[in-house]
Amino acid sequence: MSTLKKIVEDVLSIPTTKKLWTSWCFPVLPFYIHDFSMGAVLPAVLYMFRWGHRRGKGTFEQTFGKPTESKIILPTIEDVVNNLAKKRDWFEGFDSASGKAILGDMLLSFCLENRRHQMGRTEQVQRAYPTHYLASWIDLPPEVNYLRYIPEMLVSLLADQEKGEYIQSNQGKSLFSIGSGFEENIMLNLFGRSMKIRGERPTDITSDQFLEIGPESYLIGLDQLLTIRIAQACGEAPTSAKGRGENQKIHNRYPLARKSAKHFREDINVFLQSYGESIPRQTFLQMLESCLSLGLTNIFFSTASMFLAWEKTGSLPEFNAQNPSLLFVDSSCGNDLKLRRLAEESISDFLRRFERLPVIMMCLRILDDKVRHDHTMRDSLPPTFPDATAFINMLGSILYESHPRAVKILEDLSETCLKLSTALKEADEEPSVQEFLNQYGNPAMRLAEAICLLMGNMQRRQYTTALDSCLMIDQPNGLAKKRKIFQKDTSGKRGRSEARSIVLTNTMLDFIVHRHLRKAAKGKGQTSLSFVDLIKLLRDRYGLYIDESPPGMSIPIELLSHNRQILERRLRDLGVLIGVNDAEPMKRLRQRF
């Protein structure tokens, strides 16, 4: 344990420090602020839709791993191949070295992914592709917590239960019903082809059955069949989460960025209903991951913008005022140096403001802890499930001293600032933090900034890696690119840094075009979309600027026009833009699938 953390524990107590010495704030963003694998999210979502609780331990490691005296070595593609090749009723002709190599390459292409996206058949397996529902039987990653509660948030968002602290099974008719079987949930129905629940106990982890011969079995592709065989070798679905303080229930939490969350729910709903049966599975999965990336990034960015406003006023913006962050997009995907530089400047300016978010989150955790231990307030706090807007606005009223208990709470926090400053002085640690704690100003914010400074770069790194995971940075279906650069700091010293830029990869463009060629209304019928409409939609709905300068930037007209032309050319190359002449209204978008 660091000396600085021990000092904070001595002043604030160990339980309080444990709550504060982190980066997350569930009432604001219902997931851990850390890196995660976007591709590993969907199998966990499928599991929670089917069973109605969080995923625990499965049998993948025991089935395919190499046992030793002390532990089981985590499986590789080679281990999976050796196990499957023994199943003569499933596989034939893969006994030779070349046969096993072919089977291993198919698994690596369609079903499983190595750690850190590495190639080869001897690397540790990290995730399972959701080619079929039975991918949810494969407990990768081994601990569902590695997914940072992203699947839980998605399930809560899609289930859209208006009341209750936890998600409840069988709560009426819904496209995304929980624990109701394969027919009642659109995602389970789409991914669970040729599946049925057998027996009288649908909650039994062995009750799922794949029909080898049935009305839909002939539609199962090779990629799906390989996933099914891996799951069948495991024998049963993973158990519910348990042990080490785990809660198997799924919290019913909505993101506070309700407008972005509504758009995300609408996007994934329309896309699944409109294209789940018509787009080839591997292409569909890539586009669905682009949907997740765009939606989660929009929620993350919108939340940051909302709380930068909350810090100034103590009140969250109303629904219609919850606008996404406004960013310039490099339509060339980094191939045009001038456009790339402008896109990097745009997101760099946002990230400078984004760095304030950890301090605001710390302030919220401090105020949250105080009100929950205030004898007058603790029994009458606004609910934090499923929407914590009223609770956060109540904390804002304390921050700005408009709440009846604000003076008492802020006086207590001012005394805490003095105690922490004294403790740091006695330990001869962090004189700059001591000076900061002794300054005038709101004590909640002073204490929040002081603790963030004592934590060092840990929080900033976690927020950055979480953002990179949402953006699916440098991935062919993601929303951003990153590169290493050299730049000077305030002292003139050169050092390595990272520059990010928002881009629209081909898969992301494909998703956005296909999604918005379908109505969000009942029936999901086709609608028209012109090139001009697409550019306006990107700006107004997602905050992505193509042929206009975002607020705070001044971009030459010729570069904006060039950026627009590149996007138009790329859409034509993808086969989704047609036009008989150069008239803007005649440039129409069309579906490829």
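Number of residues in the range 197-230 that are among the basic types (Lys, Arg) and within 29 Å of Ile77 (Cα to Cα) equals 1. The strands (runs of 3 or more DSSP E) found entirely in the range 117-214 that carry 2 or more residues being touching a residue at least 40 places away in the same chain (Cβ under 8 Å) are 125-128, 208-210.
Being buried (at least 23 other Cβ atoms within 10 Å of the Cβ) and more than 17 Å from the chain's Cα centre (by Cα) holds for only one residue in Ser293, Ser331, Ser274, Ser315, and it is Ser331. Picking from residues in the range 484-511 that are in contact with a strand residue (DSSP E or B) (Cβ under 8 Å, 6 or more places away or on another chain) and in contact (Cβ under 8 Å) with a residue 60 or more places away in the chain, the one that is surrounded by the fewest Cβ atoms within 10 Å (Cβ to Cβ) is Ala499.
The criterion of being acidic (Asp, Glu) and over 24 Å from Tyr254 (Cα atoms) does not hold for Asp160. The conditions of being more than 28 Å from Phe300 (Cβ to Cβ), modelled with pLDDT under 95 and exposed (fewer than 14 other Cβ atoms within 10 Å of the Cβ) are not met by Glu558. Across the range 231-260, what is the number of residues that are part of a helix (DSSP H, G or I) and closer than 28 Å to Ser169 by Cα? Residues that pass the stated criteria total 6. Scan the range 365-421 for residues that are free of Cβ contacts under 8 Å to residues at least 12 places away in the same chain and in a loop (DSSP other than H, G, I, E, B) and jot them down. Passing the criteria: His373, His375, Arg378, Asp379, Ser380, Pro383, Glu401, His403, Pro404.
The residues listed here are Ala231, Ala241; of these, the one that is touching a Gly at 6+ places or on another chain (Cβ under 6 Å) and aliphatic (A, V, I, L, M) is Ala241.
If the condition is being of a type in the set (D, E, K, R) and touching a residue at least 60 places away in the same chain (Cβ under 8 Å), then the range 312-360 contributes Asp330, Asp336, Lys338, Arg340, Glu344, Glu345, Asp349, Glu355. When Glu411 is tested against (1) of a type outside the set (Lys, Arg); (2) farther than 14 Å from Lys5 by Cα; (3) buried (at least 17 other Cβ atoms within 10 Å of the Cβ); (4) modelled with pLDDT of 95 or more, only condition (3) is not met. The single residue among Thr22, Thr16 that is hydroxyl-bearing (Ser, Thr, Tyr) and part of a helix (DSSP H, G or I) turns out to be Thr16. Scan the range 83-99 for residues that are touching a residue at least 40 places away in the same chain (Cβ under 8 Å) and surrounded by fewer than 15 Cβ atoms within 10 Å (Cβ to Cβ) and jot them down. Result: Lys87, single match. If you go through the range 215-224 and pick out every residue that is in a helix (DSSP H, G or I), surrounded by fewer than 19 Cβ atoms within 10 Å (Cβ to Cβ) and touching a residue at least 12 places away in the same chain (Cβ under 8 Å), you end up with 3. Within the range 291-333, the set of residues being assigned to a helix (DSSP H, G or I) and among the polar types (S, T, N, Q) comprises Ser293, Thr297, Asn298, Ser302, Thr303, Ser305, Thr313, Asn320.
Scanning the range 422-457 for residues that are charged (D, E, K, R), on the phi > 0 side of the Ramachandran plot and without any contact (Cβ under 8 Å) to a residue 60 or more places away in the chain yields a total of 1. Checking Thr527, Thr507 one by one, the residue that is among the β-branched types (Val, Ile, Thr), under 30 Å from Ser174 (Cβ atoms) and modelled with pLDDT of 95 or more is Thr507 and no other.
The values are calculated or read from the model by the stated rules, or taken from the named source; none is laboratory data. Note that the coordinates shown come from a computational prediction; the quantities given were computed from them, not determined experimentally. Virtual Cβ from ideal backbone geometry, glycine too; neighbours counted across all protein chains shown.
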